[in-house]
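Each remark here refers to the structure printed beneath this line.
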Amino acid sequence: MDSGMPLADRLQEICRWSPDECRRELPVVLPQLISFYQHSDTWTENIRVLNIFTEMFLPHVSLNELERSVFPQILPKAQKLFDGLIYEISRQASSLSSQNVQLKTSLRNNLQTMIQCLKALAACVHHICSQDKLVSLENIQSLPKSLLYVLRAAFAHCKESDSVYCGRLNLVSDLLQAIFKEAVILQKQLMELLDRTDLSSKVSEMETADLVSVLHSVLDICKVVSTMDHALHANTWKFIIKQSLKYRALIQSQLRHSDIINGLCDDITLSFQSCLQLAEHMKSVETPEMTDQKLFQKTVKLCRFFANSLVHYTKDFMPFMSPSCNRLQDLYLQIHSQFHPSLSAKCISDAHKNEISSVFLVAFDPLILQLLPFSPFAESVLNERLDLSPDYTFPKCMLIINIMDKLPSLSEDVILMWCSGNGSEKESKRMSIFRALFQNFTLCYPELAMPLVMQEGLAKGQNGTNVTFYEYVCVRLCVFITTLPPSCFAELERGLLDAVLGFSMLTSLLAMDAWCFMARYGTAELCTHHVKVIACLVKNFPGECHQLSHVTVLLKRLLFLMAADHQVDFVKMFPPQEIENLTIWQHLSLTALQNPLRVQVKNDLFMAAICQYRSWVSAGSTLGDLRQLNNSLSALVTVCNSSDPLDKEQQSLVSEVIGELWPLLNINQILSEPIVQQTFCLIISVSVFTIQTLEAALLMQIVSFLSSLSKESPQSHVQLAMLEFLSALGKIFVPHEVQPAVFSKIASLFSLLLSDKSWIVKHHALEAFTRFAEETNHEDVVRQSLNTEELKNLVVSFLNKIVTTEEPETAKFERLKNEKHMLDAFFAERTARRVEASSVEPSAKRARLSETIAEQFSAHANSVEKALANMRSLLQDSPAPEWLPEKLQNIQAILAALQESCPPKNLT
């Protein structure tokens, strides 16, 4: 070939050669073509030379020669050519318009050049694939890197075309589609080639690094095409997973496992959201289009493919999954936070729910199962410092339940790992699975308050039953307890006790239910042991608090589960006749005991309560400790609640106690002192049991006191105690001599409490008024109580079970979420206070007054009281002197000053 001939003429001459001429002239022409290609300044000439090489000379070049002297020469220039084309097109595209014909032609020519470049590169790959033998990776070392670079650039340009062409996409859409099509063909051929390649017999570090680089480059392409084409996207991931597993032993330590896991998780999330959007759209239209349904099914299957890929990859590279455990957990939480039964789930049809569950979500079961023995995953799930989105609390609770369902199939070591926490400074602090369950269950306030209804699956072939979220968790926790090895029971007991002592009432109730199940499922000796331990805890509790109320409920329930002979032992261990044991027996139900033990305990407890009361009275009543009185009254309430009625002597003693206590109550104390409020509520409860024997004067005194107290807006629990007494009044006949005064006050009390702003007081008022109205013979009181049309309508609606206002589900959910934020803040503050208080030295107890000073106060008070009584007698026999009113005012002022300087207590 004449070297002096112009380039265009020389290339034209070469194009007329036959295959034999090309093979014969190859040693001479190939270096010239490469030189022309490398030194050419125009894209057109570059593409022409590249096409001539691939079409005419490539079939005659050996594989070894291609890698040694051809690919390293032409592929870097092809990358540079492609970059230059994209840069020039992007620069021109902003000015593209149908009127600017020259610019349009130029831009379309450049796009055509991109297409020709992709075709030429595809021809190179096709030539190598046409070889029958396996190709070693070292023989095509430079090919994958350059081609993957070009592919990523081509796909990215197509993906960004909307923004690049600024609304003029219609002018070039045909060429962009052709570019995408040629890029897909090139990628498919390249993956086929790489799938057929093999590593050399002696694998070098460079070969391994090249293979890893190829997989990472394909991963980058996967991120670009994720929203462009489902089939392309899936095939790209399939290649990554297959090659990773094929060369696992060589490359596992060099792969970016976190990037691969994150990519799969992102694609699962994206495709799942597409499923939900399609299902939500089809739910909102009357007649969904068949194309939407087909697209939905295709997208669900894509979700399943990604999920299965994640399962397989995770299984084979488990030792390298430690950095990805949080991401895997987040994927589970994110998916399940958007799907039924989550309250945040989109509204889709049951058919679509079932299809998503049966096709896609089932893949999470094997994923979780294979992660369970992996300690970093346990650290991630049970890490108490892990901050979760509020939307993730419910799915986190469901994840823990799912784990509990699967743990029994694994070894005891794995179960023990999940059931035992750690406090090591080197490791992140990990909770036990029990504590994690209770903690996350507490955070599911909206799901518990709605309440959320779930479907509990039964045996195969049977329909599921609807259960509340609480019941769902409780049943699974109890089932898990039955499978625990003995080595886990100490941690179980610790977790249950922590939950019982927690702030959340529902979480405490869940722990109690599980504890009672454990007591029934276990041995009688285990139940007895727990009862004795908890009784000792109650006996030694430092004071009144919500934890004590929770523990005493548990103790009361467990007592019912004890064997009869063990109940006898319990009574011997904590004799009810001993006053120090009143702190235990006041919280128990005597109906749990078998006869004749129940009667014996009732009588012993009654006498102990009366002795405690008399001890308090002998201390001077107003100077005694109210806890002593409250223990006595609580024990009396327990006795009165017994199924065995009080005998006449016992009834007489109780009536005497009530008659002595009511005059000591003071409204100011009840409003300001919590311990006096407790005393008031207990006196009310005991009074209810003796209401049939109340004298008219005492009945009038009680009703008048309640009437005066109600006008001061007392606390809700005080109002509830008042309602307990008012309800019981329906059982008695009010003596004629006090009916006018008593009836008006009862009616006024009911009217006031029925109109209360607190929903709980109003509801209890409706219940109390209904019971009173059903039982009383004094119908005038019922009529007087409903003194307005509003109250009449309120009671009628309650009796007819009519809901006056019904809150929409969405509004209710939002309200409950706001309430949850407030409760979380409250509990966090209470916890912080408790931690702070535990680190502070307790203040010294206030010293009691010496007996001498107390006696002096008593003597002076008795003198004043006696003098005033004498003066009252004189006034009955003779008129008062003129100066006496002024003197009495001065005395009253002195008494008021004295009262202000003393603690405002009558009972303490």
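The values are calculated or read from the model by the stated rules, or taken from the named source; none is laboratory data. It should be emphasised that the depicted structure is a prediction, and the values quoted were computed from it without experimental measurement. We place every Cβ from the backbone using ideal geometry, glycine too, and count neighbours over all the protein chains shown.
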**OP:** Pick out the one residue from Arg68, Arg48, Arg16 that is free of Cβ contacts under 8 Å to residues at least 24 places away in the same chain, over 60 Å from the mean Cα position of the chain (by Cα) and not assigned by TED's automatic domain parsing to the domain that holds Glu182.
**Re:** Arg16
Original post:
Counting residues that are polar (S, T, N, Q), which helices (runs of 4 or more DSSP H) fully inside the range 180-253 reach at least 1?
Top reply: 205-225, 230-246
Original post:
Just a yes or no: is a residue in the range 346-362 in contact with a Pro (Cβ under 6 Å, 6 or more places away or on another chain), under 30 Å from Cys419 (Cα atoms), crowded, with 19+ Cβ neighbours inside 10 Å and hydrophobic (A, V, I, L, M, F, W, C)?
Top reply: no
**OP:** Quickly run through the range 634-661 and pick out the residues that are under 23 Å from Glu544 (Cα atoms) and over 48 Å from the mean Cα position of the chain (by Cα).
**Re:** Leu661
Original post:
Any idea which of (1) in a loop (DSSP other than H, G, I, E, B); (2) closer than 16 Å to Leu333 by Cα is the one Pro451 doesn't satisfy?
Top reply: (2)
Original post:
Pick from the range 793-806 the residues that are surrounded by 11 or more Cβ atoms within 10 Å (Cβ to Cβ) and not hydrophobic (A, V, I, L, M, F, W, C): which of them is farthest from Ser755 (Cα to Cα)?
Top reply: Ser797
Original post:
From the set of residues in the range 499-516 that are in a helix (DSSP H, G or I) and surrounded by fewer than 18 Cβ atoms within 10 Å (Cβ to Cβ), which is modelled with the lowest pLDDT?
Top reply: Met505
**OP:** Quickly run through the range 27-45 and pick out the residues that are touching a residue at least 40 places away in the same chain (Cβ under 8 Å) and crowded, with 20+ Cβ neighbours inside 10 Å.
**Re:** Leu30, Tyr37
Subject >> Residue check for Arg494: at pLDDT 90 or above and within 25 Å of Val531 (Cβ to Cβ) >> reply: yes
Original post:
Restricting the first residue to the range 654-669 and requiring it to be buried (at least 19 other Cβ atoms within 10 Å of the Cβ), which pairs with a second residue that is of a type in the set (Gly, Ala, Ser) meet a Cβ separation below 6 Å and a spacing of at least six or different chains?
Top reply: Ile658/Ser687
Original post:
Of Ser163, Ser146, which residue is surrounded by 19 or more Cβ atoms within 10 Å (Cβ to Cβ), in the same structural domain as Glu67 (by TED's automatic domain parsing) and of a type in the set (Gly, Ala, Ser)?
Top reply: Ser146
Subject >> Among the candidates Ile185, Ile140, residue that is farther than 19 Å from Ser226 by Cβ, modelled with pLDDT of 90 or more and of a type in the set (Val, Ile, Thr) >> reply: Ile185
**OP:** Specify the residue that is nearest to Glu525 (Cα to Cα); the eligible residues are those in the range 580-600 that are over 45 Å from the mean Cα position of the chain (by Cα) and in a helix (DSSP H, G or I).
**Re:** Leu597
Subject >> Subset of the range 740-758 [surrounded by fewer than 17 Cβ atoms within 10 Å (Cβ to Cβ) and either in contact with a His (Cβ under 8 Å, 6 or more places away or on another chain) or closer than 18 Å to Val796 by Cβ (or both)] >> reply: Ser755
**OP:** Working carefully through the options Val473, Val453, find the one that is modelled with pLDDT of 95 or more, aliphatic (A, V, I, L, M) and farther than 19 Å from Gly421 by Cα.
**Re:** Val473
**OP:** Please identify the pairs in which a residue from the range 291-304 that is over 13 Å from Ile356 (Cβ atoms) has its Cβ atom under 9 Å from the Cβ atom of a residue that is of a type in the set (A, V, I, L, M, F, W, C), counting only partners at least 6 apart or on another chain.
**Re:** Asp292/Leu278; Asp292/Met282; Asp292/Val285; Gln293/Leu278; Gln293/Met282; Leu295/Leu278
Original post:
Of all residues in the range 394-409, which are surrounded by fewer than 22 Cβ atoms within 10 Å (Cβ to Cβ) and either within 16 Å of Pro341 (Cα to Cα) or small (Gly, Ala, Ser) (or both)?
Top reply: Leu399, Ile401, Asn402, Ser409
**OP:** Of the numbered conditions (1) crowded, with 16+ Cβ neighbours inside 10 Å; (2) in the same structural domain as Lys119 (by TED's automatic domain parsing); (3) modelled with pLDDT under 80, Ser98 fails exactly one; give the number of that condition.
**Re:** (1)
